[in-house]
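Structure first, then comments.
The values are calculated or read from the model by the stated rules, or taken from the named source; none is laboratory data. What you are looking at is a predicted structure, and each value in this text was computed from that prediction instead of being measured. Don't worry about glycine lacking a Cβ; one is built from the backbone with ideal geometry, like all the others, and counts go over all protein chains shown.
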Amino acid sequence: MEFYDVGKVVNTHGLKGEVRVISVTTLPEARYQKGASLIWFGKDGRQEELTVRTHRKHKTFDLLAFDEYFNINQVEQFVGGTLKVSEEDLLELPENEFYVHELIGLTVIDNDSGETIGKIKEVLSPGANDVWVVQRQGQKDLLLPYIEPVILDVDFETGIVKVHVMEGLDE
């Protein structure tokens, strides 16, 4: 079974069993709703199924508490681990939003010339826009911002992404 990251537990918060999570999920309100099931993966290979008891935002973090864990001593073990969901628990995304695992490996084609540029090998989230990293043969990777003038079409059936490489992106 495949599992997909939704957040990293970076610390505890307070004394009542909350953890601070840096989320990589687009829809934290839906993902962390009361009763939602998450699987925690530790660095040592351990994993544990957790059920969300509470969720709230605090600064840049999502604060989560889990059923059966009511104090800081019980949740310290989760710090440094990753929260994931199974493929069957993936949420329906709005139009023009994609899961990273869906994009990896897609072939990128220059819409102007029709030439194949390479394949998407990674998606970075450094700021306002995601950046798609395209691995090219014999050249350094091409970084394409996920903005409308650059990413023109994503077709999962053919496995092709059509792009317009704006001036200055390929230098």
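Here is how the numbers come out for the structure above:
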| quantity | calculated |
| --- | --- |
| Yes/no for Q33 being of a type outside the set (G, A, S), under 15 Å from L91 (Cα atoms) and free of Cβ contacts under 8 Å to residues at least 24 places away in the same chain | yes |
| Residue satisfying all of: in segment 64-77; touching a Ser or Thr at 6+ places or on another chain (Cβ under 8 Å) and in contact (Cβ under 8 Å) with a residue 24 or more places away in the chain; surrounded by the most Cβ atoms within 10 Å (Cβ to Cβ) among these | L64 |
| Condition met for V9 (over 24 Å from E92 (Cβ atoms), outside any loop (DSSP other than H, G, I, E, B), modelled with pLDDT of 95 or more and not aromatic (F, W, Y)) | yes |
| Segment 116-130, residues that are more than 17 Å from Y4 (Cβ to Cβ) and at pLDDT 95 or above | T116, I117, G118, K119, K121 |
| Any chance E102 is surrounded by 13 or more Cβ atoms within 10 Å (Cβ to Cβ), modelled with pLDDT under 95 and not aliphatic (A, V, I, L, M) | yes |
| Among the residues listed as V133, V85, the single one being surrounded by 16 or more Cβ atoms within 10 Å (Cβ to Cβ) and within 16 Å of T25 (Cβ to Cβ) | V85 |
